[in-house]
Each structure stands twice: as structure tokens, then as C-alpha cells.
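First the structure, in the form of C-alpha cells, and then the observations on it.
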Amino acid sequence: MLRPTFELRLAPVLALIVVVAFAAGMAGCAKTPRAAQGMLDTPLHHYETGMRLLDAGELEGATRSFNTALELDDGYGPALAGKGLVLAMQGDIGESLDLIRSGQRKAARGSDSPERMWTLVAEQRAYIALHGQGKISDSALMRESRRAFNDARIAATDAAMPWFWEGEAYLLALEFEQARDFYREAQTRDQGFGERASERLLLLERIMAASLKTSVGKRIALVDEISRADMAALLVEELGLKKFFEGTEKPETSTFVSPQDAQKAAVAGSVTALDVETHPLRVDVMEILKYRLRGLQPFSDQTFQPDKPITRAEVALILEDIFIRAKNDPALATQFVGQTSPFPDVRSDHSYFNAVMFATTRGLLAADVAKGLFRPADTVSGVDAVLLINAMKTQLDVF
């Protein structure tokens, strides 16, 4: 009769032994931090390297550097937040923010450490990246980035970094005046952000000088190089091309055409493009195609190639065609024919020579004065395009 009692007393002891053994085994399996191999083999150094790679667009290399930092310290907050930022830039909206917030919880706090501020700026930048991919709205960007900014400003009261990135958030949300205030503060604080903030302030000055009317124009003004679809949208939305052409082009009245014949001719002469059906700017492109505008016509394979960057030569053709129609002056199309080209990179027998001369002599497109080149194949920035639209309005004086 003693045996069952003995077994009952032994059971808790055995259970405890099993738990202790399991815990010891788990501890043995836990990943041991790697020993540093040199003075620069530190979590901070690898984090900073990762951020340089991230800013250069080398996301895989950035992740490797953040992982190397975590090999030395698996709770290093800035590296965790850096990995989260990479994921956000790759389109992840869930795990990215979880990693960033984990980094924020583990980051060192205190006036002598910027770690928490870095992790909060990573959150600002994550929302900026997600907004750029269309995954969050302007209002969500403003709300979430401002919350992270306020915490970052408290975490490091003298830092310039949070101010610069909040300027970027407001810029993307098209809140230009507020963005300017953030950039000015970042410029004053500097800490490596003064020059970048100054460049942004110059961009804002040019955009605001254009007095843009539509959100389409404002968004296009921010891109480094505009596409053919962007240019179509600018002409339709900012220039008001439909109203403009209807008000300036004179109808053909020399011969009578029956309504039936006119309809047949319209169908036969309609212009279509095979690759714009699902494009976000399809409506603007289709509007442009109706006018057979030189420089924005379909290619020989009947594609419009909406995402292809527009060139300076194409812009020159667009300008020439619009002015010819606005002034009802076909002679403008041959105004410079037979003249010697002042540009080594634009032959006088080229199809766009007259358009280039037209645009440059009117000051609409500038040449490379230092080298004497026009650079016809170069792309056009968004801000240059919107300023060009403004200049067209002024010269045509029809609005």
C-alpha cells in the first residue's frame, strides 16, 4: 500500500526535473550573440551602413547589414526598425510596422542616445513609402507620420532628422506651405540635413510659383521625370486642352459635309492605343489621342507607351503643335526650315528641328548653355513641365 503513495510524491519531483531539463535545453539552443571581430564590428556601425545602403536603394544589402547588427545584439532597436523600413519600402504594411515598433520598444532611451529617435523616424519613413505605393491615404500619412514625428522630437529635442522627414510627408500630401516650414527648421538645425532641406525648399519655391490648380498637376510636379501619360494629364487638367482647343481651333467650313459623312470620317480617323485600357490616366490619354497632338501620338505599333519618360524633343513638338493651332498659323511649322542648326546634337534636317528652334527661341525650353547642346533625348522633370505649362499660358494669353 505504500507504493502508490510513494509514486504520488515522486510525480511532482519528476515533473520539476523535466521542466528544469527542458529549460536548460532551450537555453542551450538559444542563439548566442556573435563575438565582435574588430573595432568597427558593432551594431551601430552595421546599422549606419544599412541606412546608407537603404538610401541608395540597395534594399537587400541594407537588410544584410541590419541582420549583421542583430547577430551582435538581437535586441538592437535601430536594426529591427531598419529591417521594418526595408519591408515597408517593399510594400509590406503589416510585418514592417510590427518590426519598427518592436525596435522602438527595445531602443535605448535617454538624452545621450538617439536610438529611439532613429526608430521613430523609421516609422515616419515607412508611412511615406507606403503612401508612395498608394497603400495609405493622404490623411493617414499626415496622421501617422505626425504622431511618430512628435515622439521623435521629444526623444531627441535637437535633432534635424525628424523635421526633414516630416517635410517629406507633408510634401507628398501636397501641403506645400507646411512642408516648407518643416524643411526650414531642418535647414536651420542642419546635422547633415541642411543641404537636402535647401534643395527641397528650392523645389517648393518653383512649384508654388507655378500656381497649380489641380492635384494632378501638384503630384506630377514632384516626380523626377514625367511620363507620356503624365504629360497628357498635365495638358488636359492644368492647361485645359479640351476647352483650349475648342476655343482656338477654327472649324473647316469650305465645303459642306453631311452628318453621315462626318460620322464616317470621324470613325475612320479615330486614334486608339492598345496599352492604355487599364492605365490610371487612361481618360487623359484618350482625350489627348483625339487631338492627334504631335509628340504624343501612338507609335507605329499602335501603342502609346504611357509610362515611357517623355523626351525634350517630344515636348518641343507638343509646344509647336499647340502654338500652331492656337494662333491658327501653319507657317510656324516651317519657320526655321533651311536654317543652320545652332545645336550639334540636333541636325537641321531632323523632323523635330523646327520644333526645337521654335521652343528655344521663345524661351520655353532652355539649351545647355555651357556645352551648346539641346539634349533632345533627355527626360523632363515634373517641376519643369508644370512651369512650362505656366509659360505657355502666359505666351498664348488665352486664359
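General remarks:
- Residue match in the range 358-381 (condition: assigned to a helix (DSSP H, G or I), within 34 Å of the chain's Cα centre (by Cα) and either over 20 Å from Q297 (Cβ atoms) or not hydrophobic (A, V, I, L, M, F, W, C) (or both)): yes
- Note on the range 346-357: residues that are crowded, with 18+ Cβ neighbours inside 10 Å and assigned to a loop (DSSP other than H, G, I, E, B) amount to 2.
- Flag if T394 is over 25 Å from K218 (Cα atoms) and surrounded by fewer than 18 Cβ atoms within 10 Å (Cβ to Cβ): no
- Reported count of residues in the range 375-399, each being within 23 Å of D307 (Cα to Cα) and either in the same structural domain as E199 (by TED's automatic domain parsing) or not basic (K, R) (or both), is 14.
Residues checked against (1) aromatic (F, W, Y); (2) at pLDDT 95 or above:
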{"position": "L141", "(1), (2)": "no, yes"}
{"position": "R147", "(1), (2)": "no, yes"}
{"position": "E166", "(1), (2)": "no, yes"}
{"position": "Y183", "(1), (2)": "yes, yes"}
{"position": "D190", "(1), (2)": "no, yes"}
{"position": "E195", "(1), (2)": "no, yes"}
{"position": "M208", "(1), (2)": "no, no"}
{"position": "G240", "(1), (2)": "no, no"}
{"position": "K250", "(1), (2)": "no, no"}
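- Matching residues, the range 319-345, being surrounded by fewer than 22 Cβ atoms within 10 Å (Cβ to Cβ) and β-branched (V, I, T): I324, T334, V337, T340
- Index of the failed condition, A179 passing every other in (1) surrounded by fewer than 16 Cβ atoms within 10 Å (Cβ to Cβ); (2) closer than 21 Å to R219 by Cβ: (1)
- For beta carbons closer than 7 Å, sequence separation of 6+ or different chains, a first residue in the range 314-339 that is hydrophobic (A, V, I, L, M, F, W, C) and a second that is surrounded by fewer than 13 Cβ atoms within 10 Å (Cβ to Cβ) and assigned to a helix (DSSP H, G or I), the qualifying pairs are I324/P330.
- Among residues of the range 296-313, those that are touching a residue at least 60 places away in the same chain (Cβ under 8 Å) and assigned to a loop (DSSP other than H, G, I, E, B), counted: 7
- Restricted to the range 71-118, and to residues there that are touching a Gly at 6+ places or on another chain (Cβ under 8 Å) and aliphatic (A, V, I, L, M), the residue that is surrounded by the fewest Cβ atoms within 10 Å (Cβ to Cβ) is A108.
- With respect to (1) more than 21 Å from L172 (Cβ to Cβ); (2) touching a Ser or Thr at 6+ places or on another chain (Cβ under 6 Å); (3) small (G, A, S), the lone exception for G84 is condition (1).
- Taken as a whole, the range 117-124 holds no residue that is assigned to a helix (DSSP H, G or I), assigned by TED's automatic domain parsing to the domain that holds Q187 and free of Cβ contacts under 8 Å to residues at least 12 places away in the same chain.
- Just so you know, in the range 218-232 the residues that are buried (at least 24 other Cβ atoms within 10 Å of the Cβ) and among the small types (G, A, S) include one that is farthest from the chain's Cα centre (by Cα), and it is A232.
- Here L222 meets each of (1) in a helix (DSSP H, G or I); (2) within 30 Å of K290 (Cβ to Cβ); (3) modelled with pLDDT of 90 or more with one exception, condition (1).
- Flag not set for T157, criterion: within 30 Å of H45 (Cβ to Cβ), out of contact with any strand residue (DSSP E or B) (no Cβ under 8 Å at 6 or more places or on another chain), assigned to a helix (DSSP H, G or I) and not small (G, A, S).
The values are calculated or read from the model by the stated rules, or taken from the named source; none is laboratory data. On a predicted model such as this, the values are computed, not experimentally measured, just so you know. Here Cβ is always computed from backbone atoms with ideal geometry, including for glycine, and neighbour counts include all displayed protein chains.
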